[in-house]
Amino acid sequence: MNTMANVIKVLYVEDEPDIREVAEFALEDEGFWLVSCACGLEAIEKAQGLSVDLILLDVMMPGMDGPTTLGHLRQLPNMINTPVIFMTAKVQAAEIAAYRETGALGVIAKPFDAMALGQDIRKLLGW
């Protein structure tokens, strides 16, 4: 089991309950600590004063999409420099370039491999 010093703390935003549950199970099993949210508004509320190592953010969500949610999160002092990784099925080169322009470290394509998700995140974080 990881020590707290090695735990990656994640603000995870995903509107699809089934996808969220699979990712939560996969990541928590690898020692990640998650604050899960079902939408952008919930993420903005929960992010107030929260200290995390990563924002893991779905792109396509009803109401407020991932890039818009990120824009709001970046207005919070504690989220200005928090690394972000988008998760999406929209992985054309131009789309990935647009996500990177928002400051994202990278993109994890959906459907993702639950067994490799933690490793993929650590690789993007450079850990």
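The values are calculated or read from the model by the stated rules, or taken from the named source; none is laboratory data. Being a predicted model, the structure only gives us computed values, none of them experimental. All Cβ positions, even for glycine, are placed from backbone atoms using ideal geometry, and neighbour counts span all protein chains on display.
Scanning for something under 12 Å from the mean Cα position of the chain (by Cα) and assigned to a strand (DSSP E or B), does the stretch 13-23 turn up at least one residue? Yes, there is a match, as at least one residue in the stretch 13-23 is under 12 Å from the mean Cα position of the chain (by Cα) and assigned to a strand (DSSP E or B). Within the stretch 113-127, residues that are free of Cβ contacts under 8 Å to residues at least 40 places away in the same chain sit with their Cβ atoms under 9 Å from residues that are surrounded by fewer than 14 Cβ atoms within 10 Å (Cβ to Cβ), at 6+ positions apart or across chains, in these pairs: ASP120/ASP113.
Number of residues in the stretch 37-66 that are buried (at least 19 other Cβ atoms within 10 Å of the Cβ) and not aliphatic (A, V, I, L, M) equals 4. Suppose we keep only residues that are in a loop (DSSP other than H, G, I, E, B) and not hydrophobic (A, V, I, L, M, F, W, C) within the stretch 24-41. Which one would you say is farthest from ASN81 (Cα to Cα)? Applying the filter and picking the extreme gives GLU30.
Somewhere in the stretch 18-32, is a residue farther than 14 Å from LEU117 by Cα, at pLDDT 95 or above and of a type in the set (Gly, Ala, Ser)? No, that holds for no residue. Inside the stretch 80-112, residues that are surrounded by 14 or more Cβ atoms within 10 Å (Cβ to Cβ), among the β-branched types (Val, Ile, Thr) and part of a loop (DSSP other than H, G, I, E, B) make up a count of 3.
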